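Accompanying notes for the structure given below.
The values are calculated or read from the model by the stated rules, or taken from the named source; none is laboratory data. Please read all numbers here as calculations on a predicted model, not as lab measurements. Note that we place each Cβ from the backbone using ideal geometry, even for glycine, and neighbour counts take in every protein chain shown.
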Amino acid sequence: MRKSTRRIPDFQILLVTSDPDLAAAFRAYIESRYHYNSDRGFYAVLTEASGAMAMEACRTAKPLASIVILDTDLPDMDGYELARRLHECTRQIIGFVFLVANDSVPPPDFEKECFVAKPFKLEEVEQRIQEVRHRVCISWRKNPRTRLPADEIRDALELVLGQQDWVLLCLEANGVDVIEDIYGYDAGTKAVRFIADLIEETIDEYGTPNDFIGHIFGSDFVIITQAQKSRDVSQMLRAHFTSGIQQFYSLETRPMPQITLSVTTIRGSDKPWGSIGEIIDKMAELMHLKEKNEALDKKLGLVKIA
């Protein structure tokens, strides 16, 4: 689990380049502008000098990065091939920024990513990072707090409907709303991000690369995993949460209300599921989503309180 004494970064950046001067300059530039007390946000920076080192970081660093900046001219691997391998290694990457030669033509599968042509200024790289952030945060299919899929659960269920070897884990982190009521939205966001990291770390270690993790409401998450993996995933989620949340408390300088995790399951083998909507309705029932939505509407003054 995370050993840092600083607060959780808003974004984590991996720079892969064989140029040590660029690596040092980039780290100094980002850390001077996006340190943990900065109003711009807190960016943590990891640098690696080769594709092999980046892949090793992918296997050992938890989490690896939110945004990866890749020099396409690496000594041991094509930068685009490394990007493909990193995507297979972790689900935490939300976007790439490629450092390319002026006449470079990207492969079709990376045409929508961001590029910076050499030679460049660090301000240009920073601008591309912000573009990746903006593109993700305005996407209605991503939860802006954790950057996890918000509504793609229907797409994920479409892939398993009609099968029996899947399990939907419904995760409710209770107590985050109390933190928000006492300390405000930012404090709640910090707790939610910490919980999301714990979930992703557990799935990376005990689940499969094809497992789905969604952030559907407040501090509620869902996981779709293979039936044979579900028991280990569920047990380790509880274990990691118990130890990890204590670490979260230790990083705080103010009293924190208790956060607990409840896990309920829906199995493909429970019954012949006739439709995705039927599964969604069961999930909403187990997670009390209707009541939570109504409570939030009342809190925001969107409905009248009788």
Of the candidates A52, A23, A83, the one satisfying the condition of being surrounded by fewer than 16 Cβ atoms within 10 Å (Cβ to Cβ), modelled with pLDDT of 80 or more and more than 27 Å from G244 (Cα to Cα) is A52
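Every residue, every condition in (1) hydroxyl-bearing (S, T, Y); (2) more than 19 Å from D165 (Cβ to Cβ), yes or no:
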site	(1), (2)
D197	no, yes
T202	yes, yes
T208	yes, no
F212	no, no
F217	no, yes
I224	no, no
Confirm whether I94 is crowded, with 16+ Cβ neighbours inside 10 Å and modelled with pLDDT under 80.
-> yes
Inside the stretch 172-204, the number of residues satisfying the requirement of being modelled with pLDDT of 90 or more and not in a helix (DSSP H, G or I) is 4
Of the residues in the stretch 140-180, those that are loosely packed, with under 14 Cβ neighbours inside 10 Å and touching a Lys or Arg at 6+ places or on another chain (Cβ under 7 Å) come to D151
